[in-house]
Amino acid sequence: NSNKRWWKESIIYQIYPRSFNDSNGDGVGDLRGIIQKLDYIKSLGVTAVWLNPIYASPNDDNGYDISNYKEIMTEFGTMQDFDELLKGLHERGIKFVMDVVVNHSSDEHEWFKQSRSSRDNPYRNYYHWWPAEKGKPNYRWSFFDEKGEAWKYDSITNSYYLHYFAQKQPDLNWENPKVRQEVYSIMKFWAEKGVDGFRLDAFQYVSKDTTFPKLPKNFEKDINKYYGMGPNLHKYLREMYDEVLSKYDVFAVSEGAGSTLEDAHSLVDEDRKELQMAYHFESVGIGNKLEGYKLSELKKSFTKWDTSFAEKGWISIFLNNHDNARVVSRFGNDSPEFREVSAKMINTFILSMRGTPYIYYGDEISMTNIHFDSISQYKDIAAINGYKKALSEKKDMDAFMRDLNFTSRDNGRTPMQWDTSTNAGFTTGTPWLPVNENHKEINVAAQENNPNSVLNHFKKMVKLRKDNEVLVYGAYKLLDENNEEVYAYTRTLDGKKMLVLLNFTNHESSISVNAAKKIESILINNYSDLINKNGKITLKPYQSVICSIK
Ligand code: TEU
Ligand code: CA
């Protein structure tokens, strides 16, 4: 297959650096902390690591507000630490993916300080400004603003600047060629250091119609349609490919994939020479409802995307990242009875689909949501400003808090649970975000010693994927699509065939599929046996198996 690429075969482990391991006791995870855990990362079998932003930042949005793109955040360490980390990963055969946040910078970036200082400053056009004498600009919605307003008035020059995210995250003006050259220079700086991939944050939003026309009422309900895939996006992506991506053995993955399958294809189809991979938000979002979700909805979403990318293009496979609550709490079952089996089931799923799988730190040991009762416990700007906004809109605050408790990004950002000691071995100081009390139960040390642990199942599953190309490239076929309890599919490549059966419920469930009559052997199973009576299979709660079939 001429379409084989190393990054399609990668298994990417995402680390939220703030929360992984603190080497100096200040309560904040850091690069040296990650260096100390390199052998752990290697032991997982993963082949690449993506770190959330590690650049200099005032941390209004935990590093997604960058004040210097060629420096390391003081709390995280030094450039020397970075070089050592990269070397340590490479020595272990692990690639490195850098987060690139260039839809916006921090307002503390030198560019913005210059830009806001006067209307004729050379950096003025690095950002989007609207002179106030023209009146108020047309409404733009903001993800994180406490009033939901993306235009912020700045008295220094009597103008508004645009910020799709927080006020301290002014949007860069990509229509300015100088800005684009700055970005390519940043990417080359890191590519020269040897990074292997780039994750392009909020990238679908960079190109804007700078006349800022009026948008229809409630456009924010379909935000990617109105903010995504701006007029010159493809031109800029092709330019980035020519200037940076084509010159190194790297791949770039776009966060966001527009609002249609055509959009997604236009970003990643290889012959367009733009990006190599994208991730869409459709599937991950299904788990965000307190009342639960329908399995058929999940199947439909994954199947639709797989079908669309069967011949051309490539996507990411994930159910979790740093913008979401814990995967086992949303898609599995985090009760003591079912946490382990359901976490194993989810990892079996993610690692047996076509596309590049992304595993978020802690999901390999089934870390769960944390419970916060009061808004004062939250650290995430999205939670805090979301709360203020809901208050001012006189929303039902009890309902708001219940929802936040379930979906907040802080749920997925609590410190990694290494062992049973105070603060789970994450820090000797006070952790920046509380460690989940369940670390006495759920931690790496205990699971390393238990052959039946979620962690050891994860490692086994990683190995199974690495040993079987059929799990990477093989055709995916959904079976029994309307079954609301069991997700069943086959993967097929060059005569090699596997059957995947996943019970998404907390009770036994039976399924009859022809493929079950052709089972040769069971390759992985989160229980010790499998009940199969002539093709009628009865799965235990959250049972997941992969079988090779004739
Ligand atoms: O997220 C951008 C983004 O578009 C998401 O907020 C997305 O809309 C949401 O997850 C959909 O449910 C990126 C980063 O991943 C996030 O952590 C940053 O806060 C944000 O950009 C700003 O840089
Ligand atoms: Ca630290």
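Can you find, within the stretch 73-96, the residue that is farthest from ligand 2 (Cβ to nearest atom) among those that are part of a loop (DSSP other than H, G, I, E, B) and not β-branched (Val, Ile, Thr)? Before you say what the answer is, go through the steps one by one.
Taking the stretch 73-96 first, the residues part of a loop (DSSP other than H, G, I, E, B) are 73, 77-78, 92-94.
Adding the requirement that they be not β-branched (Val, Ile, Thr) leaves 73, 77, 92-93.
Working: Met73: 11, Gly77: 8, Arg92: 23, Gly93: 27 Å.
This residue is Gly93.
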When the stretch 268-282 is examined, which residues are found to be assigned to a helix (DSSP H, G or I) and free of Cβ contacts under 8 Å to residues at least 40 places away in the same chain? Asp271, Arg272, Glu282
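Kindly indicate whether Asp120 is surrounded by fewer than 23 Cβ atoms within 10 Å (Cβ to Cβ), within 16 Å of ligand 2 (Cβ to nearest atom) and acidic (Asp, Glu). Give the steps one after another, and end with the answer.
Details: surrounded by fewer than 23 Cβ atoms within 10 Å (Cβ to Cβ): yes; within 16 Å of ligand 2 (Cβ to nearest atom): no; acidic (Asp, Glu): yes.
No; evaluated as a whole, the condition is false for this residue.
Here are some residues: Leu523, Leu471. Which one is crowded, with 19+ Cβ neighbours inside 10 Å and part of a helix (DSSP H, G or I)?
On the way: Leu523 fails: part of a helix (DSSP H, G or I).
On inspection, the qualifying residue turns out to be Leu471.
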Residue identified as within 16 Å of ligand 1 (Cβ to nearest atom) and either over 23 Å from Glu485 (Cβ atoms) or not small (Gly, Ala, Ser) (or both) among Asn333, Asn324: Asn324
Take the stretch 13-72 and flag every residue that is within 16 Å of ligand 2 (Cβ to nearest atom), under 16 Å from the mean Cα position of the chain (by Cα) and of a type in the set (S, T, N, Q). Ser19, Asn52, Asn62
Based on what the data block shows, is Asp99 in a strand (DSSP E or B) and either surrounded by fewer than 18 Cβ atoms within 10 Å (Cβ to Cβ) or within 21 Å of the chain's Cα centre (by Cα) (or both)? yes
Would you mention how many residues in the stretch 144-157 are surrounded by fewer than 16 Cβ atoms within 10 Å (Cβ to Cβ), more than 17 Å from Asn125 (Cβ to Cβ) and over 27 Å from the mean Cα position of the chain (by Cα)? 2
Since Gly285 meets every condition but one in (1) part of a helix (DSSP H, G or I); (2) within 14 Å of ligand 1 (Cβ to nearest atom); (3) in contact (Cβ under 8 Å) with a residue 24 or more places away in the chain; (4) within 24 Å of His371 (Cβ to Cβ), which condition does it not meet? (3)
Conditions: (1) touching a residue at least 24 places away in the same chain (Cβ under 8 Å); (2) surrounded by fewer than 20 Cβ atoms within 10 Å (Cβ to Cβ). Ser67 meets all but one. Number of the miss? (2)
Quick check on the stretch 184-194. Is at least one of its residues within 13 Å of ligand 1 (Cβ to nearest atom), assigned to a loop (DSSP other than H, G, I, E, B), at positive phi and in the same structural domain as Phe219 (by TED's automatic domain parsing)? no
Top-ranked residue in the stretch 255-274 [being under 18 Å from the mean Cα position of the chain (by Cα) and of a type outside the set (A, V, I, L, M, F, W, C); ranked as nearest to Leu200 (Cα to Cα)]: Glu255
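Name the one entry in Asn436, Asn385 that is more than 16 Å from ligand 1 (Cβ to nearest atom) and surrounded by 16 or more Cβ atoms within 10 Å (Cβ to Cβ). Can you show your working first?
Working: Asn385 fails: more than 16 Å from ligand 1 (Cβ to nearest atom).
From the options Asn436, Asn385, the qualifying one is Asn436.
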Give the stretch 490-520 a look and list any residue that's more than 34 Å from the chain's Cα centre (by Cα) and in a strand (DSSP E or B), or say none. Ser512, Ile519, Glu520
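Give the residue, chosen from Leu233, Leu215, Leu245, Leu261, that is closer than 19 Å to Lys178 by Cβ, more than 16 Å from ligand 2 (Cβ to nearest atom), of a type outside the set (S, T, N, Q) and modelled with pLDDT of 95 or more. First the steps, then the outcome.
Details: Leu215 fails: closer than 19 Å to Lys178 by Cβ; Leu245 fails: closer than 19 Å to Lys178 by Cβ; Leu261 fails: closer than 19 Å to Lys178 by Cβ.
Of the residues listed, the single one that is closer than 19 Å to Lys178 by Cβ, more than 16 Å from ligand 2 (Cβ to nearest atom), of a type outside the set (S, T, N, Q) and modelled with pLDDT of 95 or more is Leu233.
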Tell me which of these Leu455 doesn't satisfy, since it passes every other one: (1) touching a Ser or Thr at 6+ places or on another chain (Cβ under 9 Å); (2) over 20 Å from Tyr40 (Cβ atoms); (3) surrounded by 16 or more Cβ atoms within 10 Å (Cβ to Cβ). (2)
Filtering the stretch 1-59 down to residues that are more than 17 Å from Phe82 (Cβ to Cβ), part of a loop (DSSP other than H, G, I, E, B) and within 16 Å of ligand 1 (Cβ to nearest atom) yields Pro58, Asn59
Please pick out the residue among Phe198, Phe189 that is closer than 23 Å to Val49 by Cα, buried (at least 21 other Cβ atoms within 10 Å of the Cβ), aromatic (Phe, Trp, Tyr) and away from ligand 2 (no atom under 16 Å from the Cβ). Phe198
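Counting only residues that are of a type in the set (Lys, Arg) and over 28 Å from Ile94 (Cα atoms), which one in the stretch 180-216 is farthest from the chain's Cα centre (by Cα)?
Pass one, the stretch 180-216, residues of a type in the set (Lys, Arg): 180, 188, 193, 199, 208, 214.
Cutting the leftovers down to over 28 Å from Ile94 (Cα atoms) gives us 180, 208, 214.
Working: Arg180: 25, Lys208: 24, Lys214: 32 Å.
Per the stated criteria, the residue is Lys214.
The values are calculated or read from the model by the stated rules, or taken from the named source; none is laboratory data. This one's a predicted model, so the numbers in the text were calculated from it and none came from an experiment. For neighbour counting, all protein chains shown are included, and Cβ atoms are generated from backbone atoms with ideal geometry for every residue, glycine included.
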